[in-house]
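Novice: Sending over a structure as C-alpha cells; questions will come in a sec.
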Amino acid sequence: MSKSVHGSKSFAIPKQLVWEAYQRVAANKGAAGVDGVSIADFEADLQGNLYKIWNRMSSGTFFPPPVLAVEIPKPHGEGT
C-alpha cells in the first residue's frame, strides 16, 4: 500500500470530516452500537475518541464493527 502525498498516513482524511460525522450522530441521538458505547460514554473522552477514529481511519487500520441488526415487526403477510 502506498503512502499519501500528505505525510505518513495512507488516507488523507480531514479531522473536520470526523468531527462533522460525530455531530450528525450526536444530533440524531445515535444509539449505542454493537460495542455498547453510548453517545454519553463516547463524549466522556470526546477529543481522545475522535482522534483515535481519525488516526485509525487515516492509517487504514480502522475496521468498523458489524451493524447492529434490529427486527422490525410487520403486519401479517407483508414480507419478513
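Here, each number is a calculation from the coordinates, and none is a lab measurement. What you see is a predicted model; the values in this text were computed from it and never measured. Positions of Cβ are generated from backbone atoms using ideal geometry, with glycine treated the same way; all protein chains shown enter the neighbour counts.
Novice: Could you tell me whether segment 15-59 comes out rounded, prolate or oblate from its Cα gyration tensor? Rule is a ≥ b ≥ c as square roots of the eigenvalues, rounded for a/c under 1.5, then prolate if a/b exceeds b/c, otherwise oblate.
Specialist: Judged from the Cα gyration tensor, segment 15-59 comes out prolate (a/c at least 1.5, a/b above b/c).
Novice: Taking the Cα-to-Cβ direction at residue 67 and at residue 21 and moving 7 Å from each Cα, how far apart do the two end points lie in nm?
Specialist: Simple spin-label model gives 1.5 nm for this pair.
Novice: Here's something else I'd like to know. Starting from the Cα of residue 32, step 7 Å along the direction of its Cβ; do the same at residue 44; then give the gap between the two resulting points in nm.
Specialist: That separation, rounded to one decimal, is 1.0 nm.
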